[in-house]
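J.: I am attaching a structure below and will ask some questions about it afterwards.
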Amino acid sequence: MTTGRFRTAVVAAAAALLTVTGFATGLTATAVAAPAQAVEDTAFSPAADTPVTALVTKLTHSQAASRFRTAGITWSSSGGCSDRNNSTCTSFEQINLTTVQGAETLKRATGCALNITGGTETGHASGTYSHWNGYKLDFSLSTCLTNYIRGTFTSIGGSKWQSASGNVYYLESNHWDVTYYNCGGC
């Protein structure tokens, strides 16, 4: 809810409370609530074409690796490394907390072995909801994971499935590319 709409709702609730208790009119009690006036939010009023960005919590590689290890999620890389600037590595540096939580949720829900083959390292496609920006993970293919995704989530075409929480699972040639918009119900 935007701040302006929130203020309008608070003003409406306060006006209704004052009217019901009689403080607004000097009466002891009434059951009539007066409509609230819209209040312009002077502190937050972006232009219609200005994007609004939510803040996200970023983790270090070490923090994310610790959480994955605790959850029983493994990871691997063709280079056997974790350098974010090396495309043969698998890095979690600057990964979003909600992405890590989404993987943890997937592990709990599926009971499948999960192996991450792609994190925030360079070499993936760019974009707002990209690997580099911390929104995506690649998982190794497995019958268990594939059956869960296809049997539980909604097919949205183009080898993509969407969970009830809105995260998107894309079946690429040799892995699942998952975009975590949120933690998946953590």
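J.: When Lys and Arg each count +1 and Asp and Glu each count -1, what net charge do the other residues less than 14 Å away from THR70, Cβ to Cβ, add up to?
T.: +3
J.: Using a 1.4 Å probe and ignoring any ligands, DNA or RNA, find the accessible area of GLU93 and quote it in Å² to the nearest 10.
T.: Surface open to solvent at GLU93 totals about 60 Å².
J.: Net charge near TYR169, counting Lys/Arg +1 and Asp/Glu -1 over other residues with Cβ under 15 Å of its Cβ? Write out the running numbers ahead of the final one.
T.: Details: positive: LYS107, LYS136, ARG150, LYS160; negative: ASP138, GLU172, ASP177.
With Lys, Arg at +1 and Asp, Glu at -1, the net is +1.
J.: Please compute, for the alpha-carbon atoms of the range 76-186, the extent along each of the three principal axes and give them in descending order in Å.
T.: Result, largest extent first: 36, 27, 25 Å.
J.: What translational diffusion coefficient, to the nearest whole µm²/s, does the range 51-93 have by Stokes-Einstein, given a Kirkwood radius computed over alpha-carbon pairs, a temperature of 37 °C and 0.692 mPa s viscosity?
T.: Answer from the Stokes-Einstein relation: 281 µm²/s.
The values are calculated or read from the model by the stated rules, or taken from the named source; none is laboratory data. Model, not experiment: these values are computed from the prediction. As a convention, Cβ positions derive from the backbone with ideal geometry for all residues, glycine included, and neighbour counts pool all protein chains shown. Only protein heavy atoms, including side chains, enter the accessible area calculation; ligands, DNA and RNA are left aside. Shrake-Rupley method; radii C 1.70, N 1.55, O 1.52, S 1.80 Å.
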